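The values are calculated or read from the model by the stated rules, or taken from the named source; none is laboratory data. Quick caveat, the model's predicted, so the values are computed rather than measured. Reconstructed Cβ throughout: ideal geometry from the backbone, glycine too, with neighbour counts over all protein chains shown. SASA here: full protein model, heavy atoms, side chains in, ligands and nucleic acids out. Shrake-Rupley method; radii C 1.70, N 1.55, O 1.52, S 1.80 Å.
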Amino acid sequence: MLSIDVCRRILQRPLVGYREVVEHTAAFAANTGISKPMQRKLHEMLRLALAVRDADGDDLVDELVLDDIPNYGRSVQAILLRAEMLRPLPEPREPERPRQSRTPRTTRRVWAPRAMTPRSCQQCGSWFTAKVKTKCEPCSSFARPRGNNIAFTGACDRCRRVDLPLANGHCRGCRWHVAIHGPGDITQHGAQLWLGSPVPAPTSLRHSEVSPPPSRRPVSEHLMDPGQERLFELRRDWSSVVELERQDLPTPTDAAQLLLADLDRVMKREMWSKFVATKTRRTLAVLVSWLGADAPLLESDIRALVDSRPLQFSGRRVTQFLETRGLLIPDSEFRQDAQQKRLEAQLAALPTTIAQELSVWIKAVRGEGKWEHTGRSYRSIARYWHVLDPVLKGWLANGIESLREITQDDVKRAIATRKGTPARSIHIVLRNVFRALRQEGVIFRDPTRGLVFAGINKPPPSVPSDRLAGVLNHARNDFQRFVMVLVCVHALSGTDMRHLLLTDLNLSRERLIVRRPGKRHIIYLDELTYRCASVWLRERHRRWPVTTNPHLLINRWTAVDTTHSPIGTTFTNIFRPTGLTMPTLRQDRIRDEAFEVDDPLHLMRLFGISSQTAMRYITAAHPERTAKMPR
């Protein structure tokens, strides 16, 4: 006797004909008035019967199987008879006794299993094997009504056979033949002989008009030839292409399909998110289906495509993917530094003479002047320009046309417009500008020479303890918690954290190496830092297990960046919910240590700061020990 536990174990097993049985159960319930819970129980019993049928390799449910079903044998029998899925016994069964006096059978009639024999379908003529069926499964499904489509029988308009299920005047065999061999055979009378019914069944042809098979999309006419040189530069217009659906794009070439398959493997190996992977693949699919993959693609084409629909296409990862495979022609205009573009735009707005002089200054600061030295980045020059710009506007308002006209009095008046640290910044920037111009021979006299600006000994800020409480509670993930610990406990700066390498962290020795210009600083991890570092390493490996970026702190962009760039400076925004800035927390940590230990050497060893910086914090924490005694 089968049990209900058996039914629970086979709930997910696909059973042929189960959906049709469920429909007949609903009709049976409408006639007999049984409830919904009763129908669900009947579904379980019917599932058991169909499972036994499939296990026996039979086409129909043998009536003897009903003796093994625990409940509702008569209802199951009636439903299977309505669905034509029951093989009744050749002789009448014994009358069923009342339930209270029913006893299990001690003997059971055993019927010889029927053999699978080859036969021809009565409707489509295809050859298949079965025990008792006279129609193949696709023809049986074709003859059943589907939704509002009512199947009817009649004579086929093509093969002239009668008493066949028709859809729009044609039987299933003729519809299959026309769909495969083309609409030109609609006037013929013969049909293809199938050895085994066509699988899968053409569901789209059962109750629809006879239509020719979809024609193969042609290959693009704009494929790039590796040997063809460009006659002139012209930005491609993708406005008409971005409106096309995927099925309307030209057929990709073999090389394009291999490139798309390679991208799929990369995305799967690096576990890209679904949203990013979809946009990246769509971008590459449009490019290679239109331009091909035999010749390198222009970066300007990728930028133009992304600019037309930035929400649907993504060019950053496509550019890196093509560049690693030698299929990209870089565009120097797009590769230009953003700060460099901004500086060039601001120089263009100045008078010609001053713009030329400042261009020489930028070139010298970059390390490209007469005297070779380590050049500064455009980001650093942009910070200088932020201080220099208001001074230049003031001089231009006074009619200055060249920096050769600037005197020391002009420099003093520019410094006098500010006080404290802003005034000192103006002095430093102007001294840098005029020294570079004097070095390059642009000016003959340095107006800042001999000009001394007094130093500013401003004590580091102190943060009240009530504001420091609960800073770590604002961390939303393991990355933010690890960064907050590095700042609040070990007083690392943003530059230090951005350039930390994965090999710098040694959990076995509980050490973290901070690499700074000309020196190294070793941090000995405490329990909190060790725990946060371990959790971040596990999260980093879980999210990007195959990333080749050597940096310790990465995000979703730098993890797949082939240039192995560090994370940007925007990660410091995680301190905004605390109401404090990262430099303030860092300085407060060093000052707190200075209150505990009034030894500048201790601060130098613990935080890796210079002697001048250490004395500055000691002076702020213990002013009474550094004050000058009166004579």
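Some points to look at:
- Within this structure, F595 passes the test of being farther than 30 Å from E270 by Cα and among the aromatic types (F, W, Y).
- Number of residues in segment 542-557 that are open to solvent by 20 Å² or more (accessible area, probe 1.4 Å) and farther than 23 Å from T280 by Cβ equals 1.
- Figure legend. Inter-residue proximity from segment 400-427: first residues polar (S, T, N, Q), second residues crowded, with 17+ Cβ neighbours inside 10 Å and not in a helix (DSSP H, G or I), beta-carbon distance below 6 Å, spacing 6+ or different chains. Indicated pairs: T407/P447; Q408/P447.
- The sole residue among V241, V266 that is open to solvent by less than 60 Å² (accessible area, probe 1.4 Å), touching a residue at least 40 places away in the same chain (Cβ under 8 Å) and either in a loop (DSSP other than H, G, I, E, B) or of a type in the set (S, T, Y) (or both) is V241.
- Among the residues of segment 11-50, the one identified as among the small types (G, A, S), open to solvent by less than 20 Å² (accessible area, probe 1.4 Å), out of contact with any strand residue (DSSP E or B) (no Cβ under 6 Å at 6 or more places or on another chain) and over 22 Å from F128 (Cα atoms) is A29.
- Selection over segment 493-528 of residues that are closer than 21 Å to I567 by Cα, hydrophobic (A, V, I, L, M, F, W, C), touching a His at 6+ places or on another chain (Cβ under 9 Å) and in contact (Cβ under 8 Å) with a residue 24 or more places away in the chain gives a count of 4.
- Residue match in segment 523-531 (condition: under 30 Å from the mean Cα position of the chain (by Cα) and either in a helix (DSSP H, G or I) or surrounded by fewer than 19 Cβ atoms within 10 Å (Cβ to Cβ) (or both)): yes
- Only one of the numbered conditions (1) open to solvent by less than 50 Å² (accessible area, probe 1.4 Å); (2) in contact (Cβ under 8 Å) with a residue 40 or more places away in the chain; (3) not aromatic (F, W, Y) is violated by E323, and that is (1).
- Options W395, W385: the member that is closer than 21 Å to K363 by Cα, open to solvent by less than 40 Å² (accessible area, probe 1.4 Å) and either without any contact (Cβ under 8 Å) to a residue 24 or more places away in the chain or in a helix (DSSP H, G or I) (or both): W385
- Residue match in segment 510-519 (condition: on the phi > 0 side of the Ramachandran plot, open to solvent by less than 20 Å² (accessible area, probe 1.4 Å) and assigned to a loop (DSSP other than H, G, I, E, B)): no
- Cβ-Cβ contacts under 8 Å between residues 6 or more apart (or on different chains), taken from a first residue in segment 168-187 that is free of Cβ contacts under 8 Å to residues at least 12 places away in the same chain to a second residue that is among the aliphatic types (A, V, I, L, M) and surrounded by 15 or more Cβ atoms within 10 Å (Cβ to Cβ), are listed as D185/V178.
- Residue satisfying all of: in segment 558-578; open to solvent by 50 Å² or more (accessible area, probe 1.4 Å) and out of contact with any Ser or Thr (no Cβ under 6 Å at 6 or more places or on another chain); modelled with the lowest pLDDT among these: T563
- Of residues in segment 253-262 being free of Cβ contacts under 8 Å to residues at least 60 places away in the same chain and closer than 18 Å to L298 by Cα, the one most open to solvent (accessible area, probe 1.4 Å): A255
- Within segment 591-612, residues that are within 22 Å of K519 (Cα to Cα) and of a type outside the set (D, E) sit with their Cβ atoms under 6 Å from residues that are part of a helix (DSSP H, G or I) and open to solvent by less than 30 Å² (accessible area, probe 1.4 Å), at 6+ positions apart or across chains, in these pairs: P600/A614; P600/I618; L603/A614; M604/A614; F607/I590.
- Between E344, E368, the distinction of being farther than 30 Å from L259 by Cα, assigned to a helix (DSSP H, G or I) and open to solvent by 20 Å² or more (accessible area, probe 1.4 Å) belongs to E344 only.
- Subset of segment 479-495 that is open to solvent by less than 20 Å² (accessible area, probe 1.4 Å) and within 11 Å of M582 (Cβ to Cβ) - its residue that is nearest to the chain's Cα centre (by Cα): V483
Residues are listed down the side, and each one gets a yes or a no for (1) over 20 Å from R404 (Cα atoms); (2) small (G, A, S):
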{"residue": "A338", "(1), (2)": "yes, yes"}
{"residue": "L343", "(1), (2)": "yes, no"}
{"residue": "T352", "(1), (2)": "no, no"}
{"residue": "E357", "(1), (2)": "no, no"}
{"residue": "V360", "(1), (2)": "no, no"}
{"residue": "K363", "(1), (2)": "no, no"}
{"residue": "E368", "(1), (2)": "yes, no"}
{"residue": "R383", "(1), (2)": "yes, no"}
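- Qualifying residue in segment 133-142 (condition: at pLDDT 75 or above, assigned to a loop (DSSP other than H, G, I, E, B) and open to solvent by less than 50 Å² (accessible area, probe 1.4 Å)): yes
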